[in-house]
1. Compute the angle between helix 39-48 and the longest alpha-carbon principal axis of the chain, please, reported from 0 to 90 degrees and rounded to the nearest 10.
2. Which value at 222 nm does the chain reach when only helices count, each DSSP H run of 4 or more adding -39,500 (n - 2.57), with the total divided by all residues and rounded to the nearest 500 deg cm²/dmol?
3. Rounded if a/c is under 1.5, else prolate if a/b beats b/c, else oblate: with a ≥ b ≥ c from the C-alpha gyration tensor eigenvalues square-rooted, which is the stretch 167-320?
4. Contact order normalised by length for the stretch 58-314, with contacts defined as Cα pairs under 8 Å and 6 or more residues apart; what percent is it?
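Computed from the coordinates by the stated procedures, all read-outs in this text should not be read as laboratory data. Model, not experiment: these values are computed from the prediction.
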């Protein structure tokens, strides 16, 4: 194992103090692992990484807003990893901001406090895996500004939207009204979203195409009705697959499609989803509310979907 100077600013700070050196930079081959245990060390590490590096967080509280701007590559990803006991705590702003930081993997950590949890802007190929995001003023995880091919999987998001404006979506893809935001092919897989999410558990915006929402567990107990949120998932993008999810506790419907811009909100396929609408009090109370349907804007609700409670499965014909 060889050592190289990966973090000049950080090492200079450590050498200037009499305390122990809590940061190490070790390399095996081309991949370097940087261990950090304070907020200052984390900020320095995020600024100094190069493709292939891993930043490894010790358990503890990291207070501040943490920003990454260095991109990895498809063959040399940059990884930020820690356990759920490594807690990024923000006082306003974003907990973790991946601004142009393509091909990052964020794994295991907890992000809490602040306005938003994890935000990817103009960052392709971001993978968010096994994280916990909670107690935020607005949404939990946001892919926007053409952050294509992102993934959030095996994660837990709860208690968002504390500012009361109905802007607390669990996972938000794209930008409302902005068809130039091509945050396409985002995968939302095997997550637990809710309780206490103050907006839709998942909101797929117009302008985005090809999202996959697969194997998630939704809890709509935090729905407020603000900004028309009355379902676990709202699809306004095109060609979205919604497959194998389980939902409970909603104010009205389970899943909805909407056309906010002409030609959008079309091509969604729903299959193998299990919906419990018990306790819903809205006007429709159906598992799949397709608000714009026709030859030019298709949607498919398969018979493999099931519903208990409420008033029925869907308002369109069911496909075997």
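1. It works out to around 90 degrees.
2. Only helices count here, giving -1500 deg cm²/dmol.
3. rounded
4. 11 percent
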